[in-house]
1. From the list Ala39, Ala65, pick out the single residue that is in a helix (DSSP H, G or I), modelled with pLDDT of 95 or more, loosely packed, with under 14 Cβ neighbours inside 10 Å and among the small types (Gly, Ala, Ser).
2. Might you check whether a residue that is part of a helix (DSSP H, G or I), at pLDDT 95 or above and out of contact with any helix residue (DSSP H, G or I) (no Cβ under 9 Å at 6 or more places or on another chain) occurs anywhere in segment 16-25?
3. Just give me the residues in segment 14-28 being out of contact with any Cys (no Cβ under 8 Å at 6 or more places or on another chain) and either over 18 Å from Trp63 (Cα atoms) or open to solvent by 40 Å² or more (accessible area, probe 1.4 Å) (or both), in sequence order.
4. Just to verify a result, which residue in segment 48-62, among those that are free of Cβ contacts under 8 Å to residues at least 24 places away in the same chain and more than 15 Å from Pro12 (Cβ to Cβ), is least open to solvent (accessible area, probe 1.4 Å)?
Amino acid sequence: MTAICDTVTPPPSPCINICRMDERSGLCEGCLRTIDEIASWSTLDDDAKRAVWDAIETRHADWVAQRFESPGEKQ
């Protein structure tokens with residue numbers, strides 16, 4: 001994923017039309033947002049939307065790191 005750092009253009013919605021909430025993580029399987037982030041997206045200002053994008057990037061990096069951990073490294 002690429003950071004959304006353009007402060008002129010409104011951040012696009014992270015939705016990719018794969019809308020399923022993962023019960024274990026509480027995140028949408030498609031966009032990695034919480035239900036609260038999804039529900040409030042249309043009312044967030046641009047700075048808050050960028051903060052959601054930053055959180056998504058962190059979640060994605062964590063997910064990738066967990067996928068490639070060796071079995072002995074899992075906590």
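1. Ala39
2. Scanning segment 16-25, I find no residue that is part of a helix (DSSP H, G or I), at pLDDT 95 or above and out of contact with any helix residue (DSSP H, G or I) (no Cβ under 9 Å at 6 or more places or on another chain), so the answer is no.
3. Within segment 14-28, Asn17, Glu23, Arg24, Ser25 qualify.
4. Ala55
The values are calculated or read from the model by the stated rules, or taken from the named source; none is laboratory data. Just so we're clear, the structure is a prediction, and the values are computed from it rather than from any experiment. Methodologically, a virtual Cβ is constructed for each residue, glycine included, from the backbone with ideal geometry; neighbour enumeration extends over all protein chains shown. Protein only, heavy atoms only, side chains kept; ligands, DNA and RNA dropped before computing areas. Shrake-Rupley method; radii C 1.70, N 1.55, O 1.52, S 1.80 Å.
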